[in-house]
Amino acid sequence: MKNPIEHCNPDDPIVSHMRTDPARLLADQTVGEALEAIRANPPANRIIYFYVVDRQGRLCGVVPTRRLLLSPLDQRISQIMIDRVIAIPENATVLDACEMFTLHRLLAFPVVDAQRRLVGMIDIELYTDELTELGGIMGDDLFQIIGVRLAGARPFSPTTALRRRFPWLLCNIAGGIAAALISGIFENELQRAVALALFVPVVLALAESVSIQSLTLALQSLHGRPPTWGAMWAKLRRELATGLLLGAASGSLVGLFALLWMRQAHLVFSVAGGILGGVTAAALLGLSAPNLLRLLKLNPHVAAGPLALALTDIVTLLVYFSLARALIA
């Protein structure tokens, strides 16, 4: 069987390469009924996961083969299935699916539509011809092959990289210009308290670091189910608490240093407050950017970093200088 990572465009839709005959069981079937149905229509695939659907074809769960064989014949499939199933959306690409294999290390994934109806299945046989010799490939070795091919499938053309990445770097250019303009707006405060400028690098560095941390964690979470607005709001509430704690701890340490060094109350509160506000905003922006871009059907891996960092710099400087203006006045 051909390997799509090597023989097709990694941006091809996964539906072009999926199997359309996954092993299905009905949630309201008994184990006995399910076994009879399997015997009457044996699955054609070597890698078999028994996916459970309802009468409308929506994916409900998965049943391990061992559990299916050992459960009482009169027990319902819905009682023995695992209801948390990682699925690939039908609008995913070949490269998206490859990343799912390396991240979750499963041998197959169901493919679902927007209503979570089971439309097919993608298995690891599509990614490695060596699977026909499983005796020589075990455990991590198999997924290492997939990881190598995943890296090899990414585009390396400089013109392609320019076209995909440069538009998002405009976010950083715009953010830098905006930061310069903000500094100009607060020129009087900088002239009256030159020490404010000394702490700009550390205030921005802390906010940017937290933004990158949150962004990295958010990108990792996108390998599971597609994000939803409700799930994103729940994550934002948790990240808000995390950002407040990180900002308070960092702001207290840097504020203490400013107090011991400069002994200026307005400077201490400006630095501590700027870090608290900047880090909190950075945590929220780092989490939001990848999820929003994914919800808008844009590539978060390329776009999220420049967007989150540009917004983080602008918000952090506004908070920092606004506090300074209020305290110096």
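The values are calculated or read from the model by the stated rules, or taken from the named source; none is laboratory data. All figures in this text were calculated on a predicted structure; none of them were measured in a lab. No Cβ is skipped: glycine too gets one built from the backbone with ideal geometry, and neighbour counts run over all protein chains shown.
Val202: in a helix (DSSP H, G or I) and under 20 Å from Ile328 (Cα atoms), yes or no?
Numbers: in a helix (DSSP H, G or I): yes; under 20 Å from Ile328 (Cα atoms): no.
The answer is no for Val202.
For the range 256-268, does any single residue satisfy the condition of being surrounded by fewer than 19 Cβ atoms within 10 Å (Cβ to Cβ) and within 30 Å of Phe109 (Cα to Cα)?
Within the range 256-268, not a single residue is surrounded by fewer than 19 Cβ atoms within 10 Å (Cβ to Cβ) and within 30 Å of Phe109 (Cα to Cα).
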From the options Ala218, Ala197, residue that is in a helix (DSSP H, G or I), aliphatic (A, V, I, L, M) and under 30 Å from Val85 (Cα atoms): Ala218
Those residues of the range 215-247 which are at pLDDT 90 or above and of a type in the set (Gly, Ala, Ser), in sequence order: Ala241, Gly243, Gly247
Residue match in the range 303-310 (condition: surrounded by fewer than 16 Cβ atoms within 10 Å (Cβ to Cβ) and within 22 Å of Val200 (Cβ to Cβ)): no
Odd one out for Ala272 among (1) closer than 14 Å to Leu206 by Cα; (2) under 15 Å from the mean Cα position of the chain (by Cα): (2)
Given (1) of a type outside the set (Lys, Arg); (2) part of a helix (DSSP H, G or I); (3) surrounded by fewer than 21 Cβ atoms within 10 Å (Cβ to Cβ), number of the condition Val279 does not satisfy: (3)
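Within the range 51-86, count every residue that is among the β-branched types (Val, Ile, Thr), farther than 12 Å from Arg24 by Cβ and outside any helix (DSSP H, G or I).
Keep residues of the range 51-86 that are among the β-branched types (Val, Ile, Thr), which gives 52-53, 62-63, 65, 77, 80, 82, 85-86.
Then keep just the ones that are farther than 12 Å from Arg24 by Cβ; that gives 65, 80, 82, 85-86.
The next check asks that each one be outside any helix (DSSP H, G or I); those that pass are 82, 85-86.
Counting residues in the range 51-86 that are among the β-branched types (Val, Ile, Thr), farther than 12 Å from Arg24 by Cβ and outside any helix (DSSP H, G or I) gives 3.
Please tell me if Ala179 is within 30 Å of the chain's Cα centre (by Cα) and in the same structural domain as Ala303 (by TED's automatic domain parsing). Walk me through it before giving the result.
Numbers: within 30 Å of the chain's Cα centre (by Cα): yes; in the same structural domain as Ala303 (by TED's automatic domain parsing): yes.
Yes: the conditions hold for Ala179.
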